[in-house]
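*Asks:* Below is the structure I would like to discuss, written out as structure tokens.
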Amino acid sequence: MAEASNDAKDIEKLYVFGERLSEAKDKSQNVEDYKSIIEAARSSSVKARQLAAQLIPRFFKFFPSLSGTVTDAHFDLCEAEDLGIRVQAIRGLPLFCKDTPEHISKIVDILVQLLIAEENVERDAVHKALLSLLRQDVKASLTALFKHIESVDEPVTDDNLRERTLIFIRDKVFPLKSELLKPQEQMERHITDLVKKSLQDVTGAEFKMFMDFLKSLSIFGEKAPTARVQELVEIIEGQADLDAQFSVEDGDHVDRLISCLYMALPFFIRGASSSKFLNYLNKHILPVFDKLPEERKVDLLKNLAESSPYAAPQDSRQILPSVVQLLKKYMPRRKTGEEMNFTYVECMLYTFHHLANKAPNATNSLCGYKIVTGQPSDRLGEDFTELYKDFTERLSCVEDLTKATMKKLTQGMGQPNKTTGTSISDEEKAKIKMQKQNAATGLRICNNILAMTQPLHSKAPSFIGDKRINLSWNEAVKTVAPANTPGGKRPANSLNGSGNQANKRSRGGGNQLVDRAFENQYGGRGGSRGGQGRGWGRRGRGRGYYR
């Protein structure tokens with residue numbers, strides 16, 4: 001009873017101190033009242049400490065000379081054993097900055113430390129306090145917030161805090177970008193710079209999250225100038241580490257390179273340059289293509305095919321020899337009984353057409369064509385008859401194999417219909433459905449191959465440089481999962497000998513290596529390549545927050 005009576009007296013005194021401060025015209029004259037409130041922060045009374053947590057930030061601005069003592073006392077309240085005290089103290093933190101914005105960075109730092117709170121009500125209070133500060137001064141708050149993710153100057157040492165900060169930014173800040181980022185262009189530029197600084201050391205999933213956010217900003221929208229779009233490509237190029245020494249044994253780098261190329265495709269369509277990617281592929285990847293694992297080969301060729309329409313003439317001329325050499329390798333000259341990889345051939349023929357359309361006379365010395373452009377590089381006086389004979393024989397062989405395969409696929413599509421009665425199991429029905437999908441995809445590939453080989457028999461062929469060929473994996477499928485469904489692997493084609501279902505690649509999803517890399521299955525951040533800390537080799541360790 002005596003203890004309860006003392007608590008009541010302490011609380012009553014605090015109310016008196018608060019009322020006198022509220023009523024005083026010159027509050028600095030009531031410094032003893034404020035000191036008494038600060039002292040109550042160390043009281044044994046839970047209710048007194050809760051009330052102190054309300055009053056301390058309310059009058060903070062009137063006593064700048066007590067700044068250090070005040071903040072220490074209040075931060076102690078934020079770490080009190082009692083949940084109610086902590087929550088009240090956290091709610092009061094933004095008030096320290098209401099009239100003294102110079103404290104925003106420090107208060108954001110404190111709140112970030114509290115993001116690891118386990119109690120939902122406490123964590124919710126932290127989120128609301130941070131959002132209050134963001135609405136008060138978005139630039140200063142964002143700058144302080146991003147320091148806890150990664151910066152060149154201040155490396156992050158606590159991965160748990162970093163993770164919670166990223167979750168907060170993803171779930172609370174990014175969705176409110178239209179409200180928080182004002183003035184729009186200025187603040188979108190500021191947060192872009194903060195994001196770019198944070199990309200020095202990220203997982204694949206984190207990188208995708210940041211890129212998705214940057215793409216959503218108005219400064220990079222559909223009406224953005226090419227230079228802005230190019231900025232996004234340069235960010236992706238940096239993550240792909242195109243300036244690093246290359247080793248085909250470095251699977252992480254190969255995966256990241258292919259994934260980043262896929263991410264850059266939409267920006268090539270919008271006019272950004274693909275030169276750096278294509279030149280890197282030409283110099284480092286295509287020469288060791290056969291040493292890559294099968295799944296990487298498929299993704300690489302598909303990404304290369306989709307990039308080829310946007311290659312500059314000079315880049316097309318440089319990369320064509322490697323493409324033709326690879327194309328010949330997978331287009332047999334005679335029927336040998338070995339299975340042809342139809343997906344490879346579709347990809348490379350498509351790439352060949354689009355590159356050759358940009359630099360047609362480069363094919364004179366590569367395929368024996370007689371294409372006149374009026375340039376000194378035409379080389380029309382040289383005899384490339386054997387090259388032409390070799391290339392067209394390969395084309396004919398490919399056509400024969402393709403037509404034979406189409407016949408088998410067409411016959412196979414009709415056979416399962418005889419067994420689709422009610423007596424078969426659901427598993428058998430699903431198997432039949434998959435076989436039909438495989439056959440349909442195979443027919444699309446075959447039709448594309450024939451459409452691309454037939455114009456190449458002439459000594460002066462016309463190369464397909466438009467979108468009349470719809471690549472097989474981009475075919476519309478009646479029932480497909482949403483394009484942004486995570487985790488799906490890009491299936492290999494049945495004509496590769498793998499027997500998987502039809503490919504469904506759409507912009508923004510369906511790339512096997514992208515999906516896997518962005519789910520951290522190849523590790524995380526922190527590769528030592530080039531001393532830049534980029535790479536997906538350390539940061540990650542099974543995180544699932546960004547799937």
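The values are calculated or read from the model by the stated rules, or taken from the named source; none is laboratory data. All values derive from a computational prediction rather than experimental measurement. Glycine also receives a Cβ, built like all others from the backbone with ideal geometry; neighbour counts cover every protein chain displayed. The area values use the complete protein model at the heavy-atom level, side chains included, leaving out ligands, DNA and RNA. Shrake-Rupley method; radii C 1.70, N 1.55, O 1.52, S 1.80 Å.
*Asks:* Tell me the residue from 208, 196 that is in a helix (DSSP H, G or I), open to solvent by 20 Å² or more (accessible area, probe 1.4 Å), in contact (Cβ under 8 Å) with a residue 60 or more places away in the chain and within 19 Å of residue 232 (Cβ to Cβ), please.
*Replies:* On the way: 196 fails: in contact (Cβ under 8 Å) with a residue 60 or more places away in the chain.
Unique residue meeting the criteria: 208.
*Asks:* Still on this model: Do you know which residues across the range 440-461 are open to solvent by 10 Å² or more (accessible area, probe 1.4 Å) and part of a helix (DSSP H, G or I)?
*Replies:* Of the range 440-461, the ones open to solvent by 10 Å² or more (accessible area, probe 1.4 Å) are 440, 443-444, 447-448, 450-451, 454-455, 457-461.
440, 443, 444, 447, 448, 450, 451, 454, 455, listed by residue number.
*Asks:* Within the range 124-147, does at least one residue satisfy the condition of being over 20 Å from residue 94 (Cα atoms) and open to solvent by 70 Å² or more (accessible area, probe 1.4 Å)? I'd like the intermediate steps shown before the answer.
*Replies:* Let us first name the residues in the range 124-147 that are over 20 Å from residue 94 (Cα atoms), namely none.
No; the residues of the range 124-147 include none that is over 20 Å from residue 94 (Cα atoms) and open to solvent by 70 Å² or more (accessible area, probe 1.4 Å).
*Asks:* Can you pull out the helices (runs of 4 or more DSSP H) entirely within the range 55-168 that have at least 1 residues that are of a type in the set (A, V, I, L, M, F, W, C), modelled with pLDDT of 95 or more and under 26 Å from residue 201 (Cβ atoms)?
*Replies:* Details: elements: 67-78, 83-92, 104-113, 120-136, 138-146, 159-168.
The qualifying helices (runs of 4 or more DSSP H) are 104-113, 120-136, 138-146, 159-168.
*Asks:* Another question about this same structure. If I filter the range 246-261 for residues that are at pLDDT 95 or above, closer than 27 Å to residue 146 by Cβ and surrounded by fewer than 18 Cβ atoms within 10 Å (Cβ to Cβ), do I get at least one hit?
*Replies:* Taking every residue of the range 246-261 in turn, none turns out to be at pLDDT 95 or above, closer than 27 Å to residue 146 by Cβ and surrounded by fewer than 18 Cβ atoms within 10 Å (Cβ to Cβ).
*Asks:* When you go through (1) out of contact with any helix residue (DSSP H, G or I) (no Cβ under 6 Å at 6 or more places or on another chain); (2) open to solvent by 40 Å² or more (accessible area, probe 1.4 Å); (3) under 28 Å from residue 444 (Cα atoms) one by one for residue 386, which number turns out not to apply?
*Replies:* Every condition holds for residue 386 apart from (3).
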